[in-house]
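To start, the structure itself, in structure tokens.
The values are calculated or read from the model by the stated rules, or taken from the named source; none is laboratory data. Predicted model, so just to flag it, every value in this text is computed and none were measured. Quick reminder, even Gly has a Cβ in these numbers, built from the backbone with ideal geometry, and neighbours come from all protein chains shown.
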Amino acid sequence: MLELPTWPLADALALCLAGVLGVVVEAVMARQPQGLTGAGLVLAVALAAWLGSRRRASGRLDRAALAEDDAWRLTFADGRQAEATLVRGTRVLGSSVVLKWRVEGRARSVWLTRRDLPLPVLRNLAMRLQGTGPRVGA
């Protein structure tokens, strides 16, 4: 059973990068003779809103459990549960793991790092994935 964090590191970094993008665009526009003041802010807010809406639309994952039959059972923040299967794109990246599931006809993914899960849990998950690698395209 994996207890997933509310904000995985990858999601938090994506949100931070939206803010950095806004600052960079503002700095570039300020140097232009007819630059649009506020364009970076609008872009950053739009990107952050898009990231948030994608996160809300797909539902936040709370837990993921691997059953005996190699099927995953995902539990969402609203309490609903769904069965999922690992698909191509699931992989171990250094000391992190990218899990990609097919659930309810849609693809869901989460990138888990040492900040998101305790190291022994992450290592155990990585070893399990490497053992089933060819089936999921890892």
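Observations
- Any hit, the stretch 58-67, residues being without any contact (Cβ under 8 Å) to a residue 24 or more places away in the chain, surrounded by 13 or more Cβ atoms within 10 Å (Cβ to Cβ) and either part of a helix (DSSP H, G or I) or at positive phi (or both): yes
- One residue from R115, R91, R63 being under 17 Å from the mean Cα position of the chain (by Cα) and either of a type in the set (A, V, I, L, M, F, W, C) or more than 15 Å from E3 (Cα to Cα) (or both): R91
- Here E83 clears all of (1) in a loop (DSSP other than H, G, I, E, B); (2) more than 14 Å from the chain's Cα centre (by Cα); (3) among the acidic types (D, E); (4) at pLDDT 85 or above except the condition numbered (1).
- Candidates in the stretch 11-56 are the residues that are of a type in the set (D, E, K, R) and under 22 Å from D116 (Cα atoms); of these, the one that is farthest from the chain's Cα centre (by Cα) is R56.
- Of all the listed residues (L13, L4, L9, L47), the sole one being within 22 Å of R108 (Cβ to Cβ), buried (at least 16 other Cβ atoms within 10 Å of the Cβ) and modelled with pLDDT of 90 or more is L47.
- Hey, G59 at pLDDT below 90 and either among the basic types (K, R) or over 28 Å from G22 (Cα atoms) (or both) or not: no
- Within the stretch 91-120, the only residue that satisfies the criterion of being surrounded by fewer than 16 Cβ atoms within 10 Å (Cβ to Cβ), under 23 Å from F76 (Cα atoms) and of a type in the set (A, V, I, L, M) is A107.
- Residue check, P33 in a loop (DSSP other than H, G, I, E, B), surrounded by 11 or more Cβ atoms within 10 Å (Cβ to Cβ) and not small (G, A, S): no
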